[in-house]
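Presented below is the structure to which this report refers.
The values are calculated or read from the model by the stated rules, or taken from the named source; none is laboratory data. Computed from a predicted model, the values in this text were never measured in an experiment. Counting neighbours? That spans all protein chains shown, and the Cβs are built from the backbone with ideal geometry, glycine included. The area values use the complete protein model at the heavy-atom level, side chains included, leaving out ligands, DNA and RNA. Shrake-Rupley method; radii C 1.70, N 1.55, O 1.52, S 1.80 Å.
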Amino acid sequence: MTSINQILQGDCAEVLKSLPGEAVDLVVTDPPYLVNYRERTGRLVRNDNGNAEFLGAFSDLYRVLKPNSFCVCFYGWNRVDQFFSAWRQAGFRPVGHIVWQKDYSSRSAFLQYRHEQAYLLVKGNPGRPAKPLADVQPWEYSGNRAHPTEKAVSILRPLIQAFSKPGDIVLDPFSGSGSTAVAAVLSGRRYIGIELEAQYCRHARTRLAGVERYAARKAA
Ligand SMILES: C[S@@+](CC[C@H](N)C(=O)[O-])C[C@H]1O[C@@H](n2cnc3c(N)ncnc32)[C@H](O)[C@@H]1O
């Protein structure tokens, strides 16, 4: 598969159609939360404006995943109905929910909003891990230097290590600055990233080239 260890630019709903079925070992992804997010500096996230059309891509994500494997998907807590219906329609089954606890508030309104969240979804019936990951995890702020909603590599690595094996292919169809792909390389996995915005694809490719050189030096 020529897309292995590549960041592919395009709409994942289209790009996923070019991938063969049952080819990917794990999906870890952080789609737009559908909340019209605007950072203080004015940066926006594409397709975060309430149009949930991109959720249709989960059917192809299900198709490209191998049987008996996992998909970890971050989501916007106040849009859970839309995410859940897309996951169920695609065929995914929820088997867990992970919360990252922040030591600061992202926002304050009816509550101080101090967590991020993701569902652990399965295709089929994967085996249970010998030592299950705790479903409350410590959060680390990435600094959002390259992307307005960048996830820290340190919060993604435990997911990749828990739900895939060395050499496996990890797919992130909403890859942004490439954090999932970086976490995959640092965990000895292969990756496929898909991202709509050219600027983030360029950044991710440069970032990954550095990380791949580092991983190769370490392995030598
Ligand atoms: C929440 S951000 C992901 C950030 C990423 N986790 C990181 O650490 O940088 C969601 C990303 O999905 C991208 N996106 C939105 N719609 C898309 C689509 N249809 N296909 C591919 N990428 C898309 C956005 O441009 C954005 O970079």
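In debye, nearest 20: dipole of segment 6-219 around its Cα centre with unit charges on the Cβ of K, R (+) and D, E (-)? Write down the numbers at each step before the final one.
On the way: 28 positive and 20 negative charges, 113 e Å.
Computed charge dipole of segment 6-219: roughly 540 debye.
With a Förster radius of 22 Å applied to the beta-carbon distance between Lys165 and Val95, the computed FRET efficiency rounds to 0.75. Distances between every pair of Cα atoms in the chain, grouped in 5 Å steps from 0 to the bin holding the largest one, split as 1, 7, 15, 20, 22, 18, 11, 4, 1, 0, 0 percent. Protein heavy-atom accessible surface, 1.4 Å probe, per residue over segment 105-220: 51 Å². Distance from the Cα centre of segment 16-58 to that of segment 127-197, in angstrom? Rounded to whole Å, the Cα centres lie 15 Å apart.
A full extension of the chain between Arg40 and Lys17 corresponds to an added length of 4.7 nm, given 0.36 nm per residue minus the alpha carbon distance.
Share of the chain's accessible area from carbon and sulfur, percent, 1.4 Å?
Here carbon and sulfur together make up 50 percent of the probe-accessible area.
With a Förster radius of 22 Å applied to the beta-carbon distance between Tyr113 and Val80, the computed FRET efficiency rounds to 0.90. Fraction of C-alpha pairs exceeding 20 angstrom in segment 1-124: 48 percent, rounded to a whole number. Modelled spin-label separation between Asp135 and Ala52, with each label point placed 7 Å from Cα along the Cα-to-Cβ direction: 2.2 nm.
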